[in-house]
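What follows is one structure encoded as C-alpha cells, with my remarks underneath.
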Amino acid sequence: MTAPVILVNPAGIPEPSPEIQRRLREVHSGLKLRLMDTGVPTWSVCMEWQPEDRRWEWVQRESYDARMAYDIIGYLPLGCSPDEAPSYLSKMVRTFPREDIQRLSDSVENYNTGMMSAAMDSALGEVLDSADPSTMRRGRGRPRKVS
C-alpha cells in the first residue's frame, strides 16, 4: 500500500487535491474542500449557500461573512486520493439530513458511473490497440502460438 499524497503550499499548509476539487465541481458547483484542524487535520466537504437559500439574505445585508456562507456536509481523510473520494461523497450526500443535499446523490452516482465507463472504455481501447498477445515474443525464444 502506498502512502497518501498530501499537497502542501510553501508555508507547509495542506492544500486540497485539485483533482478532487474538480470532481466536486462537476457534481455541483457549490461543493468545495476546506481544511479543518480540530486536533486531527481533515478535509471538510462544504456546500456553499445558494442564492435561493433563505440564509443568503444575511450575506446580502452584510450581517454574515460571505466566506462563512457554507454548510459542512461531511469529511474526507487528509490523504484521501481522488479514486477514494467518490465513495465517501456518495455516502455523505445520501445520509445528510437535508433533501437538497440528498438529491445530489443522483449526480454523484451519474458522475461515478461516467468515470467507470470512461475507465473501462480506455482499458478496452488499450487492449484492442495492442499487439496480439498470442504472437508476442516471450523471453528468448521464438514466438509461440497459444491455443
Return only the number of the condition from (1) under 18 Å from SER44 (Cα atoms); (2) at pLDDT below 85; (3) in contact with an Asp or Glu (Cβ under 7 Å, 6 or more places away or on another chain) that PRO82 does not satisfy. (2)
When you check PRO51 against the structure, is it in contact (Cβ under 8 Å) with a residue 60 or more places away in the chain and loosely packed, with under 13 Cβ neighbours inside 10 Å, yes or no? no
Among the residues of the stretch 17-39, is there at least one that is surrounded by 12 or more Cβ atoms within 10 Å (Cβ to Cβ), out of contact with any helix residue (DSSP H, G or I) (no Cβ under 8 Å at 6 or more places or on another chain) and farther than 28 Å from GLU109 by Cβ? no
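The values are calculated or read from the model by the stated rules, or taken from the named source; none is laboratory data. Keep in mind that this is a model prediction, so the values were computed, not measured. Please note: Cβ atoms are built from the backbone with ideal geometry, for glycine as well, and neighbour counts cover all protein chains shown.
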